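To keep things clear, I will list the structure first and then write my remarks on it.
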Amino acid sequence: MRPNSERQGTRGAQCCQGELVDRAGAIGHNAARMGPEPTPAEVARVEALRRQLAHHAHRYYTLDAPEISDAAYDALMRELAQLEAAFPGLLTADSPTQRVGGAVLEKFEKVPHRQQMLSLGNVFDDAEFTEFDERLRKALGVEAVPYVCEPKMDGLAIELVYQQGRFVQGSTRGDGVIGEDVTENLKTLKNLPLSLRGEGVPALLEVRGEVFIRKADFKRMNAQLRARGEEPFVNPRNSAAGSLRQLDSRVTASRPLSIYLYEVGVVDGATFATHVEKLAALEGWGLPVNPRRRVATGFAGVKEAWTALLAERHALPYEIDGLVVKVDRTDDRARLGQVSKSPRWAVAWKFPPEELETRVRKILVQVGRTGAITPLAELEPVFVGGVTVSRATLHNEDELRRKDVREGDWVFVRRAGDVIPEIVKVVTARRTGAEVPFVFPTSCPVCAAPVKRADEGAIARCTNRACPAQLAGRLRHFATRTAMDVDGLGDKLCEALVERALVSSVADLYRLTLPALTGLERMGEKSAQNLLDAIARSKQTTLRRFIYALGIPDVGEATAKALAEHFRDVDALLGASFDDLQRVKDIGPEMATSIRGFFDEPDNRAVVAQLLAAGVSPAPPELVTSGPFTGKTVVLTGTLITLTREAAKEAIERRGGKVSGSVSKKTDLLVAGEEAGSKLTKARELGVKVLTEAEFTALLG
């Protein structure tokens, strides 16, 4: 009941605030000096109202145990808004009246995370979790590991930053290192406290969580959209993500978003011996934490928790897709550390994929950047695993034949790992004889070039490297963040550039002009100039990024890094023989054949030459014989001013060091930027050498 009246009350506050916002913008920070001065009683009343509203919002939205009626809550909100309108100097950013949304942004600013936001690895059955558990028991030298089990929410991961108890910034996960600033949008969430309460609030608190929409709120929102003749949302997760990434925070304020917090990043002023203690502290400070969590020991305890949550899944008020299992003890987590982008001390035990029956409308094929022809089934839309599925992959021609999927067939569809929709099997009992077998194309559906399949391979490919579909795919890959990092070059724009014949290879990006770009649909002069600036910036890159951006079959980021470190020069790589390539770490005969075959193609060599001629300058990794980071394990913490976290990591690795995400006895150095938190405390406890940013950059030379 509260959500509707809450919106009514908020709208009332917005009306009262309208004049206030205008005055604040025109008069500035000292508006109170030019208007009436509040009496001590009025100041005290404003503070009391804010405390009451925060308390009652917590009771309603977090504890689901309201103490007053909606009308009483709205009356308190109106009184506070009227006092703030009368005395603008009393208005603060963390006031409950400031949840209505504000000015429209031009874009989201980038936010570097002080501590990397990790993603979880997945397990899907008893055997895989047993392997995870055994690995941890062996590493920790214990008979049984204490875990904390929590529902795996199906929403959008975010990070909140509180300083001196006040919410100052919120961001999306992004790539784990850099996210997008969505502070104003997060302020509109009703169950997110703008100020922390209770004892022991730390000076700095980074807390991670999930933004989501409850099932009932999702249904109500869609019913309202249909009543207005508007298109309803497809599923709760996508609508939550889209709502939080609105440039107009007033739109976000109109959406029924909720949030649960489940982990912390950097903390200054508090330590936690266990995860249970950490979650209790978050609750004590007024932060919403999912109450459906339990402590479990070993495989048997976790399996019991997983089974119980699976049985409860559809009765829960929100969507979940598994159980998150985390090591409880903080010191155990530090000993276990992390790998790349995932912690060793946590895993998501996914639920079995849901399967539903639907019908195949049509079978079509999709052409990827390497020319791979992938068959897809166009389906009658069906809601599976929390999303509406209208297409499913059939992988390749062999898989299509094995499953014998035909147009018109009834099939069972599931989301593999609750992510990729796929057809499980055909319901042959429902066939009528009208179903049409699919004839796999012998020519590309996009460019009509011949389609060929390697003798022993499962993948059929378009043989025309100039195929528009392949070219658009190569452009998208070339522009990705881990490749050339061309901000603003998305799927639609890549397709438009190819369709309008503005590019025939990735090298043509560096010949684009402002008039050519502004001639594209929905491309204004400012957007076009921003894209040209991003393309120009990408010329200064590293050899690792350059190699990865070329899109060599089978060459991922790790292989690109190994090639860059071994050959150190584009010409050396171009001239490398089959045997030379096999001398590179982790490159075997098959990959060496793929790389050599790529550079033996005259068109590919021409593109490389054109990129270099356009001014692209791939810098080789710095050659390290010895130095302060050689053979050292280094941890980065806090905010670095002179370079990004990713740049610092690359600099350490180029000088022979290894970067870890957590402090342990094996850590040799800790680089502490501004507002360093728990990692700095841990490093001092373990006697790890700590470098300031100035000392770190001096060592970099």
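The values are calculated or read from the model by the stated rules, or taken from the named source; none is laboratory data. Predicted, not measured: the structure shown is a model, and the values here were computed from it. In this analysis, Cβ positions are derived from the backbone assuming ideal geometry, glycine residues included, and neighbour counts consider all displayed protein chains. Keep in mind that these areas ignore ligands, DNA and RNA; they rest on the heavy atoms of the full protein, side chains included. Shrake-Rupley method; radii C 1.70, N 1.55, O 1.52, S 1.80 Å.
Within segment 56-100, how many residues turn out to be of a type in the set (S, T, Y), modelled with pLDDT under 75 and part of a helix (DSSP H, G or I)? Quick ask: steps written out before the conclusion?
Within segment 56-100, the subset of a type in the set (S, T, Y) is 60-62, 69, 73, 92, 95, 97.
So of that shortlist, the ones also modelled with pLDDT under 75 come out as 60-62, 69.
When the remaining residues are screened for being part of a helix (DSSP H, G or I), the result is 60-62.
Residues meeting the conditions: 3.
Which residues, taken from segment 546-558, are part of a helix (DSSP H, G or I) and touching a Phe, Trp or Tyr at 6+ places or on another chain (Cβ under 8 Å)? I'd like the intermediate steps shown before the answer.
Within segment 546-558, the subset part of a helix (DSSP H, G or I) is 546-549, 557-558.
Hits for segment 546-558 are A549, E557.
Checked against the criterion of being open to solvent by 10 Å² or more (accessible area, probe 1.4 Å) and of a type in the set (S, T, N, Q), the candidates T330, T358 yield just one match: T330. Which of the residues belonging to segment 643-654 are at pLDDT 80 or above and open to solvent by 60 Å² or more (accessible area, probe 1.4 Å)? Passing the criteria: only K649.
Would you be able to say whether some residue in segment 461-479 is within 21 Å of G519 (Cα to Cα), surrounded by fewer than 20 Cβ atoms within 10 Å (Cβ to Cβ) and either under 32 Å from the mean Cα position of the chain (by Cα) or in contact (Cβ under 8 Å) with a residue 24 or more places away in the chain (or both)? Yes; the residues of segment 461-479 include at least one that is within 21 Å of G519 (Cα to Cα), surrounded by fewer than 20 Cβ atoms within 10 Å (Cβ to Cβ) and either under 32 Å from the mean Cα position of the chain (by Cα) or in contact (Cβ under 8 Å) with a residue 24 or more places away in the chain (or both). Inclusion of L186 among residues that are more than 23 Å from N235 (Cβ to Cβ) and either in contact (Cβ under 8 Å) with a residue 12 or more places away in the chain or open to solvent by 20 Å² or more (accessible area, probe 1.4 Å) (or both) is not warranted.
Taking segment 612-629, which residues are open to solvent by 60 Å² or more (accessible area, probe 1.4 Å) and modelled with pLDDT under 85? The answer is E622, L623, T625, S626.
Within segment 237-263, residues that are hydroxyl-bearing (S, T, Y) have Cβ atoms under 7 Å from residues that are open to solvent by 60 Å² or more (accessible area, probe 1.4 Å) and in a loop (DSSP other than H, G, I, E, B) in these pairs: S239/F233, counting only partners at least 6 apart in sequence or on another chain.
Residue pairs whose Cβ atoms lie under 6 Å apart, sitting 6 or more positions apart in sequence or on different chains, and linking a residue in segment 568-580 that is in a loop (DSSP other than H, G, I, E, B) to a partner that is at pLDDT below 95, are R568/P620.
Checked against (1) under 25 Å from V365 (Cβ atoms); (2) charged (D, E, K, R); (3) assigned to a helix (DSSP H, G or I), K526 passes all but condition (1). The set of residues from segment 486-505 being outside any helix (DSSP H, G or I), open to solvent by 70 Å² or more (accessible area, probe 1.4 Å) and closer than 23 Å to D603 by Cα comprises R500, A501, S504.
I'd like to check something: does segment 452-474 contain any residue that is in a strand (DSSP E or B), over 30 Å from S505 (Cα atoms) and hydrophobic (A, V, I, L, M, F, W, C)? Spell out how you get there, then give the answer.
Initial filter on segment 452-474 (in a strand (DSSP E or B)): 452-453, 460-462.
With the extra rule that they be over 30 Å from S505 (Cα atoms), the set shrinks to none.
No - not one qualifying residue is present in segment 452-474.
Answer yes or no as to whether G322 is within 22 Å of A157 (Cβ to Cβ), among the small types (G, A, S) and buried (at least 21 other Cβ atoms within 10 Å of the Cβ). For G322, the condition - within 22 Å of A157 (Cβ to Cβ), among the small types (G, A, S) and buried (at least 21 other Cβ atoms within 10 Å of the Cβ) - is met. For beta carbons closer than 9 Å, sequence separation of 6+ or different chains, a first residue in segment 289-301 that is assigned to a helix (DSSP H, G or I) and a second that is polar (S, T, N, Q), the qualifying pairs are F299/T130. Of all residues in segment 465-484, those being over 14 Å from Q366 (Cα atoms), at pLDDT 90 or above and not charged (D, E, K, R) number 7. Just one of the listed residues (A592, A609) is out of contact with any strand residue (DSSP E or B) (no Cβ under 9 Å at 6 or more places or on another chain), assigned to a helix (DSSP H, G or I) and at pLDDT 95 or above, namely A609.
Please count how many residues of segment 308-364 are part of a strand (DSSP E or B) and of a type in the set (K, R). Give the derivation first.
Residues of segment 308-364 part of a strand (DSSP E or B): 320-327, 329, 338-339, 342-343, 346-350, 355-364.
After this cut, where a residue has to be of a type in the set (K, R) as well, the list is 326, 329, 350, 359, 361-362.
The qualifying residues number 6.
For segment 135-169, residues that are in a helix (DSSP H, G or I), of a type outside the set (A, V, I, L, M, F, W, C) and either open to solvent by less than 30 Å² (accessible area, probe 1.4 Å) or over 13 Å from V347 (Cα atoms) (or both) total 2.
Just for helices (runs of 4 or more DSSP H) wholly inside segment 170-280: which have at least 2 residues that are among the small types (G, A, S)? Per the criteria, 215-227, 236-244, 249-253.
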